[in-house]
Amino acid sequence: MRKFLVVLDDSRECLNAMRFAAMRAAKTGGGVQVLAVIPPEEFNHWIGVGEIMREEARDRINAHFEVFAKWMRDRQNVDPELAIREGDPVSEILAQIEEDGDIGVLVLGASAEKGGPGPIVAALSRSFGSLPVPLTIVPGEMSKDKLSMIC
């Protein structure tokens with residue numbers, strides 16, 4: 001089954017990327033894999049404190065994921081899976097795609113802020129031509145109705 005990989009983070013545009021991935025998966029009989037990446041700089045503390053912070057980050061990610069997962073199950077009849085990695089977000093996204101051969105499309109949300117589309121979209125844009133899967137960029141300001149019409 002082809003999976004849509006979508007990145008879970010604290011950005012506003014993440015919501016539209018999640019919606020798009022779930023709606024496309026539902027329409028095409030695919031799946032959704034949600035990837036959360038914990039940056040390594042969050043744990044540059046003493047070993048004990050770093051471990052506690054790592055566990056708290058994982059708990060936050062799981063709670064955030066469950067909100068999206070419930071919506072995907074209830075509204076789109078899609079049962080997403082969660083992957084959590086630690087490291088540089090772009091490197092970890094590419095590693096996840098490489099390790100899971102079922103991932104067929106990477107879905108990212110683009111920020112509408114003046115600072116650009118967001119750090120992940122900006123970083124990946126430098127290597128669009130060599131990405132291992134197609135990339136779908138969903139505008140962060142797109143309405144739910146418009147998303148529904150295009151999916």
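Restricting attention to the stretch 3-19, which residues are touching a strand residue (DSSP E or B) at 6+ places or on another chain (Cβ under 6 Å) and either of a type in the set (Val, Ile, Thr) or closer than 21 Å to Glu92 by Cβ (or both)?
Lys3, Phe4, Leu5, Val6, Val7, Leu8, Glu13, Cys14, Ala17, Met18
Does Gly48 fit the bill of being within 20 Å of Gly140 (Cα to Cα), at pLDDT below 95 and either exposed (fewer than 13 other Cβ atoms within 10 Å of the Cβ) or of a type in the set (Asp, Glu) (or both)?
Taking the combined requirement at face value, the residue does not satisfy it.
Which of the residues belonging to the stretch 6-34 are acidic (Asp, Glu) and in a helix (DSSP H, G or I)?
Answer for the stretch 6-34, where residues must be acidic (Asp, Glu) and in a helix (DSSP H, G or I): just Glu13.
Show the residue pairs that are 6+ apart or on different chains and have beta-carbon atoms under 8 Å apart, the first residue being within the stretch 73-92 and at negative phi and in contact (Cβ under 8 Å) with a residue 12 or more places away in the chain, the second being in a strand (DSSP E or B) and surrounded by fewer than 16 Cβ atoms within 10 Å (Cβ to Cβ).
Qualifying pairs under 8 Å: Glu92/Glu86.
Assess whether Glu66 counts as being more than 20 Å from Ser148 (Cβ to Cβ) and free of Cβ contacts under 8 Å to residues at least 12 places away in the same chain.
When the stated conditions are applied, Glu66 passes them.
The values are calculated or read from the model by the stated rules, or taken from the named source; none is laboratory data. Please read these numbers as outputs of a predicted model, since none were measured by experiment. Quick reminder, even Gly has a Cβ in these numbers, built from the backbone with ideal geometry, and neighbours come from all protein chains shown.
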